[in-house]
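A.B. asks: Supplied in structure tokens, the structure appears directly below.
Since every read-out is calculated from the coordinates, none of them should be taken as a lab result. Only a predicted model underlies this, so the values are computations on that prediction, with no experimental measurement involved. So basically every Cβ, Gly included, is an ideal-geometry build from the backbone, and we count neighbours across all protein chains shown.
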Amino acid sequence: MEEKVLKEIREIKKLLSEMLGTSDLPTKEKFSKEAITKAAKEYRKMAIERGEWLPDDEIRKVIRKAPWRSGKVIIEKFGFTNYFKRGHTFYFSKKDLIALNVVLKKKNINLAEYCELLDDQANFEKYRQRANQTDGRKSKIRFRIPEGLEGLNSKHYPPPSEEAIINEIANYMEEVKKFDLSEYISFAEKNTYAWFKYDYSLDRYVDSKLKKYCKDWCFKFNYANNALKKIRKIESGDDRQY
């Protein structure tokens, strides 16, 4: 019985060495870390050539509405794990990209618009932070707390009423209907965030005044919604000063 098991193990090792392409190497080198790593790289190379893996800049072959170099968003925001890096290029499983595309279509998610939303939110936050700074120059943190200074933490001043902000947002939405702004503005997060639609190929043909109006509208609309969230946090006692 023992001899039979050993024979089967030897046969398995032989098959593995042939699969790894190391059958001609000395016994100690057949299953070395270097040999297995090399075989894995060769396997991935063949898989890429067969089209089983797609580089970042070819994701749109599967997800038609994927913007250029959208791999980072797919990894970070959608938790995509079946990928690997070769050199400076990330490769994604075509099979799993197809599965992701099916879900995106089912949930009516335009990946290009989602990437635009993320970029716009990041820019909005940067603008808001700059607006709150008295000095835009960056400097190293150098400070000291004055001796005896503690317990200085004033409460919020009375915020505007929630109803006033809600009415302001309602007025903005009336403008959308009145001026057909939905043709130029996209909405997300249950219509609490808006951004100007941008198409590089057509942007120069959009009236500059209309473009400015829409961008200003988006900023005011987002500001109001952000304020409403802030007020509700204050009222719920969930807004911390630090």
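A.B. asks: In nm, give the distance between the simple-model label positions of Thr192 and Tyr223, each being 7 Å from the Cα along the Cα-to-Cβ direction.
C.D. replies: Each label point lies 7 Å from its Cα, and together they span 2.0 nm.
A.B. asks: Let me check I've understood the local charge: for Arg204, count other residues with C-beta under 15 angstrom from its C-beta, Lys and Arg +1, Asp and Glu -1. What total comes out?
C.D. replies: Net charge in that neighbourhood comes out at +1.
A.B. asks: Using a 7 Å offset from the Cα along the Cα-to-Cβ direction at both Asp96 and Tyr200, what is the distance between the two label points in nm, to one decimal?
C.D. replies: Simple spin-label model gives 2.8 nm for this pair.
A.B. asks: Mean shadow of the range 160-236, computed from the convex hull of its alpha carbons, in nm²?
C.D. replies: Mean orientational projected area (the range 160-236, Cα hull): 5.5 nm².
A.B. asks: Let me ask another. First select every other residue whose beta carbon is under 12 angstrom from the beta carbon of Glu116; then total the charges, Lys and Arg +1, Asp and Glu -1.
C.D. replies: Taking every Cβ under 12 Å from that of Glu116, the sum is -2.
A.B. asks: Right, another one. With each pseudo-label sitting 7 Å past Cα toward Cβ, what's the Gln129-Lys77 distance in nm, one decimal?
C.D. replies: 1.9 nm
A.B. asks: In this model, which of Lys190/Lys233; Lys178/Lys220; Lys211/Lys233; Lys65/Lys197; Lys65/Lys230; Lys61/Lys106 are farther than 24 Å apart at the alpha-carbon?
C.D. replies: Lys211/Lys233; Lys65/Lys230
A.B. asks: Also: How much FRET efficiency would the formula 1/(1 + (r/R0)^6) give for Lys177 and Glu147, where r is the Cβ-Cβ distance and R0 is 51 Å, rounded to 0.05?
C.D. replies: Approximately 0.30, to the nearest 0.05.
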